[in-house]
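Heads up: the structure comes next, in structure tokens.
Values in this text are rule-based calculations from the coordinates and carry no lab data. Keep in mind the model is a prediction, meaning the values are calculated, not measured. Cβ coordinates were reconstructed from backbone atoms using ideal geometry, including for glycine residues, and neighbour counts include every protein chain displayed.
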Amino acid sequence: MTLTLAATGFSILITIVILFQAALAAGMPWGEYAMGGKFPGRLPAPMRVACLIQIVILALLALIVLSKADILLPGWRELADVAVWFVVAFSVVASVLNLITKSVRERRIWAPVSILMLISSLIVALGG
């Protein structure tokens, strides 16, 4: 039950991040809430493409966690047993970057989200 709850929580949080990245890619003027706040307002085209690439990566991370928790893609389980540690490492880096960003708005919103993603991915990694 704890494993399923942690994987579900991770998936909900990463879905929020994916939706935010999709909004940035579509041109929403929320640049101060991403990428260190370096691009306030609408992101330039290359950064919007980067958002699309991040969406793919984030979706793969979610699938790895869900597979490790035996919720989706049982055929990925062997890969997920190892790859989940990449998810944990990714979450550590995301947490550190969101804690040290110069953008106060980004830090206030995304640091708690990334820390919760770290905790939930670690629970999944250790629980299965």
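Quick one: is GLN21 touching a residue at least 12 places away in the same chain (Cβ under 8 Å), of a type in the set (S, T, N, Q) and in contact with a Cys (Cβ under 7 Å, 6 or more places away or on another chain)? Against the criterion (touching a residue at least 12 places away in the same chain (Cβ under 8 Å), of a type in the set (S, T, N, Q) and in contact with a Cys (Cβ under 7 Å, 6 or more places away or on another chain)), GLN21 qualifies.
Does ILE16 satisfy being surrounded by fewer than 18 Cβ atoms within 10 Å (Cβ to Cβ) and not in a helix (DSSP H, G or I)? No. Limited to region 44-81, what total is found for residues that are in a helix (DSSP H, G or I) and either within 18 Å of the chain's Cα centre (by Cα) or touching a residue at least 40 places away in the same chain (Cβ under 8 Å) (or both)? Of the residues in region 44-81, 24 are in a helix (DSSP H, G or I) and either within 18 Å of the chain's Cα centre (by Cα) or touching a residue at least 40 places away in the same chain (Cβ under 8 Å) (or both).
Within region 44-62, being touching a Leu at 6+ places or on another chain (Cβ under 7 Å) and surrounded by fewer than 19 Cβ atoms within 10 Å (Cβ to Cβ) holds for one residue alone: ARG48.
Between SER91, SER95, SER114, SER67, the distinction of being in contact with a Pro (Cβ under 8 Å, 6 or more places away or on another chain), crowded, with 20+ Cβ neighbours inside 10 Å and of a type outside the set (Val, Ile, Thr) belongs to SER67 only. Exactly one residue out of GLY36, GLY41, GLY27 is part of a helix (DSSP H, G or I), surrounded by fewer than 16 Cβ atoms within 10 Å (Cβ to Cβ) and on the phi > 0 side of the Ramachandran plot, and it is GLY36. With respect to the stated conditions, LEU99 is closer than 17 Å to VAL17 by Cα and either among the polar types (S, T, N, Q) or touching a helix residue (DSSP H, G or I) at 6+ places or on another chain (Cβ under 8 Å) (or both). Consider region 82-110 and keep the residues that are touching a residue at least 12 places away in the same chain (Cβ under 8 Å) and among the small types (Gly, Ala, Ser). The one that is farthest from PHE10 (Cα to Cα) is SER103.
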